[in-house]
Amino acid sequence: MTKQYNIAVFDGDGIGPEIMAPTLVVIDAVLEKIGAIKFKYEHLPAGALHYTKTGEDLPDSSVEAARAADAILLSAMGLPHVRKPDGTELTPQIAIRIKLGLYAGVRPVKIVPKQPTPLKDPRLETVDFVLIRESTEGLFAHMNEGKVVNNEYAIETMRITRKTSEKLFDFAFRLAEQRTKKLGRKGKVTCVDKANVFASFAWFRSIFEERAKAYPDIDHDAAYVDAFAMWMVQRPWDFDVVVTENMFGDILSDLGAGIIGSLGLAPSADIGDENALFQPCHGTAPDIVGKGLANPIAMFLSSAMMLDWMAIDKNDPLLAKGSEILEAAVNKVITTRIGLTKDLGGDCGTEGCTSAVLANIAQQ
């Protein structure tokens, strides 16, 4: 009997639709390969372009439809020239995290053999850690409430709560347990903060230490964010699961993308108690829209993360197999450079990369 899952799809802005369309084709090829599973896609309106037409960038109806889905796929969103009256860019991808309580932002930092990276060290091929960014609080919790007072000073508010922090740390330790089983090595969680300067971060770390006691088989330590940023460059192979506040995670996740060679290789997930959303880390690249040059790899890998999460959430091991097939197909493009896009030093565009991934899926 064939199982059906409902996937909410946000096509995005700029190159968003150009990488989402082939992603759905690739997912369907994986499902056909494993058999017994089908996805029904519901395309939901949101984004900067939708804002120019309607005056809203994230309709309530889209949020509720996403909430009811089994998983959410979201492509790149926002356009630099489309801004709110206060001059800031539209960020529906952030708003939906807060509305759905997607507190755990998962950003893998993994290097496969022959992957192009600006760092040079033979140990780089062992780099495989995950950055967990709290995605609903920190400096983003009141992002629409900042004030400039009399053109003399500005105020932003950071908010950290015990409830969300406890859930975040538990998520990080559970992920470390899962990775221990999968990778066959002892897990470790590192808390990154600025506990030496700010009371909020000292409290954040104290909650981390409390929750660590519930996971005695997982090692844990902590680091200040400035030192950790340096260590990410000097010795990224030393880390397993890293957990941090929203703004620090926003910055460090892009540093992680730099380590692996490109934002075009960087997938992500935002996971809550009831819902999970998967999207590439890169932007909408309006300068290459319509040219067939968009790199779909981060979107493909985000979809593999979706399948892996659904395998656990839906207790469906076939989806885990699908995730493995899709990730292996993408990794083969990276290691062989057959199907690699021009931004990564290859000679293909979106269509050529997609064809190579589909061929790799068929060969498995």
- Select from VAL25, VAL242, VAL225 the residue whose mean-square fluctuation is largest in a Gaussian network model of the chain (Cα-Cα springs shorter than 10 Å). VAL25
- Residue order, fewest to most surrounding Cβ atoms within 10 angstrom, among ASP219, ASP60, ASP11, ASP270: ASP60, ASP219, ASP11, ASP270
- Full-stretch length increase - TYR153, ASP313 - with 0.36 nm per residue and alpha-carbon distance subtracted: 52.9 nm
- Neighbour-count ranking for LYS188, LYS163 (other C-beta within 10 angstrom, fewest to most) reads LYS163, LYS188
- Query: In terms of Cα to Cα distance under 24 Å, which lysines are near enough to LYS33, apart from those fewer than 8 places away along the same chain?
  - Reply: LYS3, LYS182, LYS314, LYS321, LYS332
- Note on the structure: When PHE198, PHE129 are ranked with the fewest other C-beta atoms within 10 Å first, the list becomes PHE198, PHE129
- Would you work out the relative contact order for the stretch 108-195, in percent, from Cα pairs under 8 angstrom that are 6 or more residues apart? 18
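Suppose R0 equals 30 Å. What FRET efficiency, 1/(1 + (r/R0)^6) with r the Cβ-Cβ distance, do GLN178 and ILE251 give to the nearest 0.05?
Using R0 = 30 Å, I get an efficiency of 0.70.
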- Computed label-point distance, nm, for sites ALA328 and GLU351 using a 7 Å Cα→Cβ extension: 2.9
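Since every read-out is calculated from the coordinates, none of them should be taken as a lab result. Keep in mind that this is a model prediction, so the values were computed, not measured. Neighbour counts are summed over all protein chains in view; Cβ atoms, including those assigned to glycine, are modelled from backbone coordinates with ideal geometry.
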